[in-house]
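J.: Have a look at this one.
Readers should treat all values here as calculations from the given coordinates under stated rules, not as data from a laboratory. Predicted model, so just to flag it, every value in this text is computed and none were measured. Please note: Cβ atoms are built from the backbone with ideal geometry, for glycine as well, and neighbour counts cover all protein chains shown.
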Amino acid sequence: MQKIFTISFEENLRLDPCLFWAEPCGNDLFYSLENMGQLIPVLVHYEGEAPVLVAGYKRYLGLKKLSKKIKALRVNVPDPWDKGVAYLISNQGQSLDPGRIIRALRYFTPLNRDMSRIYQLLGIPERTRQNNLFRAWLKLPPAWDELLTRNPRLLPNAHVLSLLLPKDLEVLFPFLDKLDWSRNKARIFLELLVRISSGKGMNVRDVPGLLNLDELLVKDLTPRDKMEAMLKALYRAAYPKYYKLLDQTEKDMNRLISDTRWSCTHPDHFESRDLEFRIRVSSPGELKAAADQLRKIADSELLACWPVSP
């Protein structure tokens, strides 16, 4: 059995690449180290005479800050795969958000080994939708991982993103980086971009410029208003005939109720032929006037072409 030994806080250990979750020592852990001491040793592997830290980075930082000796346990894991597995096992029980999972997968995947155990340690069953999404995300450039850490709701769009060309991804990155898209709106945003590019025979990267989405991105609007304006522009470009009919119908309805106090809407957006008329009155006289106006509306030639489904 390996014996626990101590390392001086003044010694700077080299950090192994397997520390893919290396993060600062949080307040709770720092308080525990300060008041209860070090309960779990850090793990080190020796390369020649030099110790290399392979697990316990936050404890290592906290103890150095407290100027306390560091309890360490030597492990013999020269292989990068074994180091990573040891690090994963030593961190079992930690909260695993998509950003942390993808960082672990980025470390193990290039080692070209059977990933079954790694997905098991990460709590992701094989042959599941979640597993497939992470595999698709790995096809994206590593720069996208920080974006996933900040907005895990982007993970369901991994398949769509993984099919895009590198230059397309480069153009789209700022739109997903600077705006906090919901899962559904991110999906709509990407699907509309692909639909428009396919319909117009262009690359996805050319669509934002065509619709001036890049100008909207830097415009002095709230993030929510920017996203709504972008989706509106994309919808109009993706379904031009529908919106042409919608605009004409709205124009006709405004003409229909001009010079009256009535409002008119087509609430079902051509899914039915229904129109909705509304008015608010506060006296019998206003009600009589409203009835006269409604008769005038009913006799209008504009209603000869009643809204129908396209």
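J.: Stretched out fully, how many nm does the piece from S32 to S116 gain, at 0.36 nm a residue minus the Cα gap? Each step should come with its number before you reach the end.
T.: Working: separation 84, 0.36 × 84 = 30.24 nm, distance 3.52 nm.
My answer for the length gained is 26.7 nm.
J.: Further question: Distances over 22 Å make up what percent of all Cα-Cα pairs in the stretch 164-238?
T.: For the stretch 164-238, the share of Cα pairs beyond 22 Å comes to 12 percent.
J.: Could you work out how far helix 27-36 tilts from the main Cα principal axis of the chain, as a 0 to 90 degree angle to the nearest 10?
T.: 30 degrees
J.: When only alpha-carbon atoms count, how far does the stretch 240-304 stretch along each of its three principal axes, as whole angstroms with the largest first?
T.: Result, largest extent first: 44, 21, 16 Å.
J.: Taking square-rooted eigenvalues a ≥ b ≥ c of the alpha carbon gyration tensor, is the stretch 26-99 rounded, prolate or oblate, where a/c under 1.5 means rounded and, failing that, a/b exceeding b/c means prolate?
T.: oblate
J.: Could you give the length gained by full extension between T265 and L231, i.e. 0.36 nm per residue of separation minus their alpha carbon distance, to one decimal place?
T.: 10.0 nm
J.: Also, quick follow-up: With Kirkwood's inverse mean 1/r over C-alpha pairs for Rh, give me the Rg to Rh ratio of the chain, two decimals please.
T.: So for the chain, dividing Rg by the Kirkwood Rh gives 1.22.
J.: Count the DSSP beta bridges whose two residues both fall in the stretch 8-107, then state the antiparallel fraction as a percent rounded to the nearest 5.
T.: Approximately 50 percent, going by the DSSP bridge assignments.
J.: Could you check how many percent of all C-alpha pairs in the stretch 92-184 are farther apart than 18 Å?
T.: The share of Cα pairs beyond 18 Å in the stretch 92-184 comes to 43 percent.
J.: Against the longest alpha carbon principal axis of the chain, how many degrees, from 0 to 90 and to the nearest 10, is the axis of helix 183-200 turned?
T.: The answer is roughly 70 degrees.
J.: Another question, then. With everything on Cα atoms, drop me the angle between helix 166-178 and the longest principal axis of the chain, reported from 0 to 90° to the nearest 10.
T.: Once rounded, one gets 80 degrees.
J.: Order these peptides, 136-143, 231-238, by their mean beta-carbon neighbour count within 10 angstrom, highest first.
T.: 231-238, 136-143
J.: With the dipole of the chain worked out from charges on the C-beta (+1 for Lys and Arg, -1 for Asp and Glu) around the Cα centre, which of W81, P284, V44 lies farthest toward the positive end?
T.: V44
J.: Once you put a point 7 Å from the Cα of I279 and another 7 Å from the Cα of L163, both along the Cβ direction, what distance in nm separates them?
T.: Modelled inter-label distance: 5.2 nm.
J.: Please give the net charge around G99, taking every other residue with its beta carbon less than 10 angstrom from that of G99, where Lys and Arg add +1 and Asp and Glu add -1.
T.: 0
J.: If you take every DSSP beta bridge fully contained in the chain, what fraction is antiparallel? Give it as a percent rounded to 5.
T.: For the chain, the DSSP antiparallel bridge percentage is about 70.
J.: Estimate the FRET efficiency between A298 and N132 by the formula 1/(1 + (r/R0)^6), using the beta-carbon distance for r and 51 Å for R0, to the nearest 0.05. The partial results should precede the final answer.
T.: On the way: r = 57 Å, r/R0 = 1.12.
With a Förster radius of 51 Å, E is 0.35.
J.: Only four residue types carry charge here, +1 at the Cβ of Lys and Arg and -1 at the Cβ of Asp and Glu. Report the dipole size of the chain about the Cα centre in Debye, rounded to the nearest 20.
T.: 580 debye
J.: Give me D for the stretch 48-156 in µm² s⁻¹, whole number, from Stokes-Einstein with Rh from the Kirkwood sum over alpha-carbon pairs, 10 °C and 1.306 mPa s.
T.: It diffuses with D of about 101 µm²/s by this estimate.
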